[in-house]
Structure formats: structure tokens, C-alpha cells
1. From Glu29, Glu83, Glu25, Glu68, grab the single residue that is closer than 29 Å to Asp168 by Cβ and modelled with pLDDT of 90 or more.
2. Could you tell me whether region 106-128 includes any residue that is free of Cβ contacts under 8 Å to residues at least 60 places away in the same chain, under 19 Å from Lys77 (Cβ atoms) and touching an Asp or Glu at 6+ places or on another chain (Cβ under 8 Å)?
Amino acid sequence: MMRKIALIVKGLLLGVLLAGCAATELVSENNMQTAFVTVHHSILHISMPATYRWSDGFMQQSKVDMIENVPMQDLLKQGIEQEMQRKGYRQVMQTEQADINISFAAALTSALDDQQIQKQYGLVPGLMVNPLNPQRYEKGTLIFDVLNPQTNKLAWRTAGQALASLEDIPLAERKARIQVFVKKMLAFLPEKE
């Protein structure tokens, strides 16, 4: 009898451990109501400290006014710049001075669905969520590119998806959500120690 109980307890512990290893992170509704899945590949070595600049034309890649009355493009750009600075990167204006060029594209599912993302960008994070209230939340995608400034070729592409709140929420809270998301998105980039 004791052996059966020990086996059941071990099975339950193993199940809990496996559930804790999932690649998708769901944050409770009280915190952020967000899920992440990120994909990337690397073919460029970056030595720290490093410099970056915004790629020419990155603005054309972004969907403007994703959420009504929210300057999402500006908030995402600021969030990326803050994370790059936190990691030890210095922004420069001249291509010749940049170790990497960066750009991003962002959109809600209603403007850019997974099939379009796959066709246009060649990868999809594959976040499978069905928001309980589609008037309050919609899946959003952020694609972050790193280009080699000497060749102007794509070096890395990272994509992430999360549930975006469509409701009016305090700007500070929205910025905090973006900072968490961007930090996870840029985790693959080297940082200054």
C-alpha cells in the first residue's frame, strides 16, 4: 500500500514539474493577462560594448494605431531603446558606426494573422490563445530584426506574441507590460556584464 502511495506522489510531482517547463508563460489576469512565445536564429556575433541604429525604413514595417488612442508604435520603440540601453548598447546615427541595425514590426491579429506573418516573415511564434473576451483582448505580434550593417542582410529575427489589452488602461501599466515583453524578446542579444 505504501509503495502505491509513493508511486502516486512521484507521478504527481513529475506532472507538476513537467507543467512548469512549458514554453508559453501565462501571467494571471490580475497581473498582465499575457502569454509569450519567442523564436529566433543567430548568424552574427556581437562583441560588447556594441552600438546600434534604427534601420532605414523600419517605420514602414509597423502598423500604426494598433490600439485606439494608444501610441503603440512609440511605446514599443521607447521600450526597445530602453532595453537596448539597459543591455549596454549605445545608439548611433551613422551606419558606419553601428555594429547592428534594428527594426520591428507590430500588429494585432485583426491586421496581421499568423498565415500572413508566416508568408511575410518566414516564422510564426504560434501562440495558441483564445481570449475569453475578444472585445477586451486581441493577440498581438512583435517581430524584431537585427541586420548586419555591412551587408544589410538579416542576421536575427525574433518574433513574440501576447494578448494585448484593447481597453483603456493607465499608460504606466501599458509601458510596464511592454517592458516585460520587450525584455523577453531581446533576451537573446548579448549584454554588457
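1. Numbers: Glu29 fails: modelled with pLDDT of 90 or more; Glu25 fails: modelled with pLDDT of 90 or more; Glu68 fails: modelled with pLDDT of 90 or more.
Every option except Glu83 fails the conditions.
2. Among the residues of region 106-128, at least one is free of Cβ contacts under 8 Å to residues at least 60 places away in the same chain, under 19 Å from Lys77 (Cβ atoms) and touching an Asp or Glu at 6+ places or on another chain (Cβ under 8 Å), which makes the answer yes.
The values are calculated or read from the model by the stated rules, or taken from the named source; none is laboratory data. This is a predicted model, so every value here is computed, not measured. For neighbour counting, all protein chains shown are included, and Cβ atoms are generated from backbone atoms with ideal geometry for every residue, glycine included.
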